[in-house]
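Working notes, structure below.
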Amino acid sequence: MQMTKRLIDAHIHLDMYENEERQAILNDLEKAQVDALIAVSNHLASSRQILKLAQSDNRIKPAIGYHPEQALPNELELNALMELIDSRLRDIVAIGEVGLPYYLRQDNPDLDLQGYIDVLERFVQKAAACDKPVVLHAIYEDADVTCDLMENYGITKAHFHWFKGEDHIVQRLIKNGYVISVTPDVVYENEIQHIVKEMPLKQILVETDGPWPFTGPFEESMTHPDMMHQSIKAIAALKHIDVIDAYEQIYENTCQFYHL
Ligand SMILES: [Zn+2]
């Protein structure tokens, strides 16, 4: 059997790194055994930058979206994003990052959630119409609201990135055939380790959400896709399987989900 330890970063914010950092990461990818990066966008300018980056490096697989943990987009920006999706359908692998503002709501309990649900619905509608996977930022109770929407639109390809949530939501994701991705915090976070034990390996991807920084053994290190090697080791240990099997299954999951 061919021993393989190849990786795909299923969720990274490439445009949020400094130029030199991004260049260093791209230069390192081969050495780090990383074949592709699912590069999500935060808003219109971010989407344009990600598309531009992808033009010069075909390992960068772009997704267009509007991150929910910020003020709502105005109608002009939202329409421009929808047009961008339509005009770049061949270049994008997914719609995202989209979702609901869980953390923003912790600091602003009066935040109007309905406005965010409406924006999410526009993207979900678009994903259904153009048959693209959806990359979701939706945790805890937001994951339930999001699942309602996905089910209403018959979305079968939903990726709940850095998923956190109670067992009943995990069960719902499993039943719907949705996937989750885990960040390097699977190495040290009990909550994430529990979810990995519950979720079938076929529904797990790995990601960095870079440049988001991590603690534990990654304290003070720039978030880099090579950290996912430690994530895979942790997942294999939690699942009591051979580490090579974990690499191969997770790689295959990602290729299948994103049509790579
Ligand atoms: Zn993200």
For segment 54-71 the number of residues that are among the charged types (D, E, K, R) and buried (at least 20 other Cβ atoms within 10 Å of the Cβ) is 1
By residue number, the members of segment 142-189 that are within 16 Å of the ligand (Cβ to nearest atom), of a type in the set (A, V, I, L, M, F, W, C) and either within 25 Å of residue 119 (Cα to Cα) or touching a Pro at 6+ places or on another chain (Cβ under 7 Å) (or both) are 143, 158, 160, 162, 163, 179, 180
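Here are 97, 166, 141, 151: which of them is buried (at least 24 other Cβ atoms within 10 Å of the Cβ), closer than 23 Å to residue 203 by Cβ and of a type in the set (Asp, Glu)?
Values: 166 fails: buried (at least 24 other Cβ atoms within 10 Å of the Cβ); 141 fails: buried (at least 24 other Cβ atoms within 10 Å of the Cβ); 151 fails: buried (at least 24 other Cβ atoms within 10 Å of the Cβ).
Exactly one residue qualifies, and that residue is 97.
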Residue 239 fails exactly one of (1) in contact with a Leu (Cβ under 8 Å, 6 or more places away or on another chain); (2) among the charged types (D, E, K, R); (3) crowded, with 19+ Cβ neighbours inside 10 Å, namely (3)
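Scan 97, 21 and give me the residue that is among the charged types (D, E, K, R) and under 15 Å from residue 136 (Cβ atoms).
Values: 21 fails: under 15 Å from residue 136 (Cβ atoms).
On inspection, the qualifying residue turns out to be 97.
Residues are listed down the side, and each one gets a yes or a no for (1) in contact (Cβ under 8 Å) with a residue 12 or more places away in the chain; (2) out of contact with any Leu (no Cβ under 7 Å at 6 or more places or on another chain):
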| residue | (1), (2) |
| --- | --- |
| 17 | yes, yes |
| 24 | no, yes |
| 38 | yes, yes |
| 42 | yes, yes |
| 51 | yes, yes |
| 54 | yes, yes |
| 60 | yes, no |
| 67 | yes, yes |
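In segment 1-24, which residue that is of a type in the set (A, V, I, L, M) and within 16 Å of the ligand (Cβ to nearest atom) is farthest from residue 249 (Cα to Cα)? Steps first, answer last, please.
Restricting attention to segment 1-24, the residues satisfying the condition of being of a type in the set (A, V, I, L, M) are 1, 3, 7-8, 10, 12, 14, 16, 24.
Pick out the ones that are also within 16 Å of the ligand (Cβ to nearest atom) and you get 8, 10, 12, 14, 16.
Numbers: 8: 12, 10: 14, 12: 20, 14: 25, 16: 29 Å.
My answer is 16.
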Given the conditions (1) more than 22 Å from residue 258 (Cα to Cα); (2) part of a helix (DSSP H, G or I); (3) not charged (D, E, K, R), every one holds for residue 221 apart from (2)
Being surrounded by fewer than 20 Cβ atoms within 10 Å (Cβ to Cβ) and of a type in the set (S, T, N, Q), is that true of even one residue in segment 46-53? yes
Of the residues in segment 28-51, those that are within 13 Å of the ligand (Cβ to nearest atom) and in a loop (DSSP other than H, G, I, E, B) come to 40, 41, 42, 43
Per the list (1) surrounded by fewer than 16 Cβ atoms within 10 Å (Cβ to Cβ); (2) part of a helix (DSSP H, G or I), residue check on residue 156 breaks on (2)
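Readers should treat all values here as calculations from the given coordinates under stated rules, not as data from a laboratory. Since we're looking at a predicted model, the values are computed, not measured. Every residue, glycine among them, receives a Cβ derived from its backbone with ideal geometry; neighbour counts consider all protein chains shown.
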